[in-house]
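Chemist: Let me give you the structure first, and then I'll get to my questions.
Every number here is computed from the coordinates shown, using simple stated rules; none is lab data. Computed from a predicted structure; not experimentally measured. Methodologically, a virtual Cβ is constructed for each residue, glycine included, from the backbone with ideal geometry; neighbour enumeration extends over all protein chains shown.
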């Protein structure tokens, strides 16, 4: 959009709201007293309407601009001009048109919200905030307006460093639209930024405290600055060596830096130290078990993985790792039981389906094996399609790491 470069995903839900807005504007135009147009003006109006309906927004904007110049006191024409620029991704042109419409007709509620959205897109967050807050809390009666106002309100709150308010609106949007991929994508961004800002705030308030160093470590780890994260975690451990969960975080950063579970001896040491100080840390037990398995120490891995499952019976990753390890040791029936439970807990994971198919093959259950392999192939196909969308620029969902 004009003014600055911004991410602007398509918003089909709001498109229907905009169509409804156009119908309302047309009705308002008819009621505004401009019922007699010259033949050229009427022809130009119809051409602009047809261009907008056909998605030719630049052409529509040119038509509405000519009419607005000839009829400068008709607010609805300025609003339509603004809407055409809006859909043509030109907020720098859209905002003045909406502003003029509001000067002429302050009761054009939808135009007020659209003006605020444009101001937000242009980085004019303070100016945008009143209109966005009103549009979100008391939206016009057009589908999708509240959702779009909410997304832009989050943008403005973040731009103004009002992180708690941004998180609140994001949470409300997730509750209202739990399966909306755009909202989930922006929620991921928002919560990450809120967490990082909170970490920096802790470091600013108490820079030499265990809280400050751990918060900075987590912030650096989230940004994949693993050397800096390791340094901060070590400083925190100097202050409080037995702090629960801290050695697990240090081990995670070391493991991420190593890039290979078979090459992370230091990380393994930290996971085992965490378990010595905090025997109920299921994620540390899982990580230690996975690393020992990667190092071909299968018997030692088994003990850690059994511990992880005992601590957290519904830990799908631990069930998978334990089932796979038992399969390697020839404990086929035990393996099948854990893998079946892992599938129940995480049915969309292709790796679990594949390991369960292996267990069924060892048990001679060909029908069950083929069923799991078919599901494995289907999930793999879906994953490849998702990878392709990611390569083309669609939002990527973060992989969740296990927590205690």
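Chemist: With only alpha-carbon atoms in the gyration tensor, what are the semi-axes of the equivalent ellipsoid for the chain, in Å, largest first?
Modeler: On the way: eigenvalues 623, 153, 45 Å².
Ellipsoid semi-axes (Å, largest first): 56, 28, 15.
Chemist: With axes computed from alpha carbons, what is the tilt in degrees of helix 226-239 against the longest principal axis of the chain, rounded to the nearest 10 within 0 to 90?
Modeler: 60
Chemist: For a label point 7 Å from the Cα of residue 242 along Cα→C-beta, name the residues of segment 269-284 whose backbone N is under 20 Å from it.
Modeler: 270-282, 284
Chemist: Can you tell me the 0 to 90 degree angle between the C-alpha axis of helix 332-345 and the longest principal axis of the chain, rounded to 10?
Modeler: 20
Chemist: Given the -39500 (n - 2.57) contribution per DSSP H run of 4+ residues, what per-residue ellipticity at 222 nm results for the chain, rounded to the nearest 500 deg cm²/dmol? Kindly include the intermediate steps, with their values, before the conclusion.
Modeler: Values: 20 runs with 303 residues, N = 404.
-24500 deg cm²/dmol, from helical runs alone.
Chemist: If I take all pairs of Cα atoms in segment 247-356, what percentage of them are more than 17 Å from each other? Intermediate results must be reported in sequence, preceding the final value.
Modeler: Values: 3062 of 5995 pairs.
Of the Cα pairs, 51 percent sit more than 17 Å apart.
Chemist: In nm, to one decimal, how far is the modelled label at residue 223 from the one at residue 351, with both set 7 Å along Cα→Cβ?
Modeler: Here the modelled spin labels are 2.9 nm apart.
Chemist: Still on this structure, I have one more. Treating the angle as unsigned and between 0 and 90°, give the value, to the nearest 10°, between the Cα long axis of helix 12-31 and the longest Cα principal axis of the chain.
Modeler: On a 0 to 90 degree scale, this one is about 10.
Chemist: Now for a separate question. Put one equal scatterer on each alpha carbon of segment 314-393, apply the Debye formula with no solvent term, and list log10 I(q)/I(0) at q = 0.11 1/Å to two decimals.
Modeler: So the normalised log intensities work out to -0.30.
Chemist: Another question, then. In whole percent, what relative contact order does segment 220-305 give with Cα contacts below 8 Å and a gap of six or more residues?
Modeler: On the way: 101 pairs, mean separation 18.6, N = 86.
RCO, segment 220-305: 22 percent.
Chemist: Rounded to the nearest 0.05, what FRET efficiency do residue 377 and residue 185 have when you use their Cβ-Cβ distance and R0 = 25 Å? If you can, show how the numbers build up before the last one.
Modeler: Working: r = 28 Å, r/R0 = 1.10.
The pair residue 377/residue 185 has a calculated efficiency of 0.35.
Chemist: Also, quick follow-up: At a Förster radius of 56 Å, what calculated FRET efficiency corresponds to the Cβ-Cβ distance of residue 362 and residue 39, to the nearest 0.05? Walk me through the numbers on the way to the answer.
Modeler: Working: r = 84 Å, r/R0 = 1.50.
So, using R0 = 56 Å, E works out to roughly 0.10.
Chemist: If you don't mind, another one. Apply 1/(1 + (r/R0)^6) to the Cβ-Cβ distance of residue 235 and residue 168, taking R0 = 25 Å, and write down the FRET efficiency to the nearest 0.05.
Modeler: According to the calculation, E is roughly 0.15.
Chemist: Now for a different question. Hey, fewest Cβ within 10 Å first, where do 175, 239 land in order?
Modeler: Values: 175 8, 239 15.
The most exposed by this proxy come first: 175, 239.
Chemist: For labels at residue 175 and residue 160 in the simple 7 Å Cα→Cβ model, what's the distance in nm?
Modeler: My value for the distance between the label points is 2.2 nm.
Chemist: In addition: Based on other C-beta atoms within 10 Å, arrange 384, 112, 377 from fewest to most.
Modeler: Numbers: 384 10, 112 22, 377 13.
Neighbour counts put them in this order, fewest first: 384, 377, 112.
Chemist: Rank these for me by crowding, 74, 210, 145, 205, going from fewest to most other beta carbons within 10 Å.
Modeler: Fewest-to-most Cβ neighbours within 10 Å comes out as 205, 210, 74, 145.
Chemist: In addition: With label points built 7 Å along Cα→Cβ from the Cα atoms of residue 294 and residue 47, find their separation and express it in nm.
Modeler: 6.6
Chemist: Would you work out the relative contact order for the chain, in percent, from Cα pairs under 8 angstrom that are 6 or more residues apart?
Modeler: Reported relative contact order: 7 percent.
Chemist: Test of understanding: what is the full-extension gain from residue 89 to residue 280, defined as 0.36 nm times their sequence separation minus their Cα-Cα distance?
Modeler: Working: separation 191, 0.36 × 191 = 68.76 nm, distance 5.35 nm.
Length gained, residue 89 through residue 280: 63.4 nm.
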